[in-house]
Every structure is written in structure tokens, then in C-alpha cells.
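Take a look at the structure set out below.
A short reminder: the numbers here are calculations on the coordinates, not readings from a lab. Being a predicted model, the structure only gives us computed values, none of them experimental. Positions of Cβ are generated from backbone atoms using ideal geometry, with glycine treated the same way; all protein chains shown enter the neighbour counts.
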Amino acid sequence: MGVRIRTADQHDHETVTWLLDRAFDDDPVSVWLFPQAGHRRTTHPRLMAAFVDMVLARGRIDITEDGTACALWLSVPAGKGEGGEEAADDPAQLRAALDPDNERMELVGRLTSEAHPEGRAHEYLWLIAVAPECQGEGLGTELLRSVLDRCDHDGVPAYLEASNVRSRTLYERLGFVFGGRTVDLPDGPPMWPMWREPRIPARGPSAPVRSAGAGPGLALP
């Protein structure tokens, strides 16, 4: 399957936000985060826009040429969580800016950060989304492979949190392995932290050291 992929920039902000909002509106974590449908319709797009801002500033967004799928990546240095000390404040800042009375918005970021591996440099899949009418066509797999092939070449691991069983199965086919301990949202769905060793491994430790690390990540819906 030939899919043309390019790096998004600020001009793609609206398209990427639109993709994320459509793809994740009914995702289990999004529904837990915003249980009232009306509130979710107004606040969820703003949260996705904030995520796009953060990754454009700190990482990289890949998007298909036709704008039907995108993936948000962060390169995490060894011994540091995503963005360092600055990112540690992201959950509280997002809550304060977007939904001050919603403690779940801050909590999901804290819990995923606590589960994030530390100790080895890796690529972190923050979010990946495919337009609903294009799901099942292999676009998400192509987006992932474009980065995972580079990870294999460079000997770099990759990490993500799957937010549903279907996406977890996809990631397992691409070499990701569930770490054995879910991120359990109170009265909500589990999330599955998954780690992928490079297919052509570089020299160094064979497993990550678990520690506080990155911001909230969601997986392919």
C-alpha cells in the first residue's frame, strides 16, 4: 500500500485537530474524561488542539498527504520524561486552561506519566488517528511503519499507551509488547503501556527502567 506521508506544520493545525477530535470522540478514555456528551462536544476539540500545539512545539506530527490520518510523536531522551520538568506541569496546566472543574483531565496525565518508562531514549507515540470513514484501510499501520522502520535502523525502542483492545492487537502485530501492568483510570477503562524493542537492536540495556515520564497518550481508536 503506497501512502504518501509528510511532516505536518502549523498550517496543518486545523486538519490534525479535526482528525483527532473525530477519531477519539467516542474512545473509551475520552468518554471517561468527558462523560457528558454535550460537554465532550465542546471541550474535546479544545483538548485535541492543545495536544497539537504541544507536539508541534516539542516533537513531530506525520500526516498523510490527503489529510486522512496523522501520528504525533515525541523523541524522549534517556533518563528524562517527555519535555522534562516543563512537561510535568502539563496535566495541571491543561486542566486549568480547558476544564478547571474536571479533575480527571489532570489525573489521566499524572497516571500515564507515572507509568512511562525512563532510562532509555525512545520514540513515544502520543496519539495516532485515522478519519472514521478511512479506518480499516491500513493507514495507521503505514504511519507507524514509517517511524518504526527508522527505529529499527537506528536501534531505538518505541513506546505508547493503547486505549482499547482493538488498537492493542494492532500494536502487538507491529512488535509492541504489553508491559504487564495496566494504567487503571478510576471507575474507567484500562490503558495498556506497550514497549517495542527495535528489530535490529542497538547495544545497551534490554529493557526500560520504569519511572515517571511522559504526558497523556492515547492510542489508535
> What does the charge count near residue 3 come to, summing +1 for each Lys or Arg and -1 for each Asp or Glu among other residues with Cβ under 14 Å from its Cβ?
Replying inline: -3
> Rounded, prolate or oblate: which fits segment 1-153, taking a ≥ b ≥ c as square roots of the Cα gyration tensor eigenvalues, rounded meaning a/c under 1.5, else prolate when a/b beats b/c?
Replying inline: oblate
> On full extension of the chain, what length is gained from residue 50 through residue 89, given 0.36 nm per residue of separation minus the C-alpha to C-alpha distance?
Replying inline: 12.7 nm
> If you take the beta carbon distance between residue 65 and residue 103 as r and set R0 to 30 Å, what does 1/(1 + (r/R0)^6) give as a FRET efficiency, to the nearest 0.05?
Replying inline: 0.15
> Rounded to the nearest 0.05, what FRET efficiency do residue 36 and residue 96 have when you use their Cβ-Cβ distance and R0 = 25 Å?
Replying inline: 0.80
> For residue 75 and residue 153 in one chain, what is 0.36 nm times their gap in residues minus the Cα-Cα distance, to one decimal in nm?
Replying inline: 26.5 nm
>> Under a crude label model (7 Å from the Cα following the beta-carbon direction), how far is residue 11 from residue 165 in nanometres?
In response: 4.4 nm
>> Could you order the peptides 172-181, 133-142, 17-26 from most to least packed, using the average number of other C-beta atoms within 10 Å per residue?
In response: 17-26, 133-142, 172-181
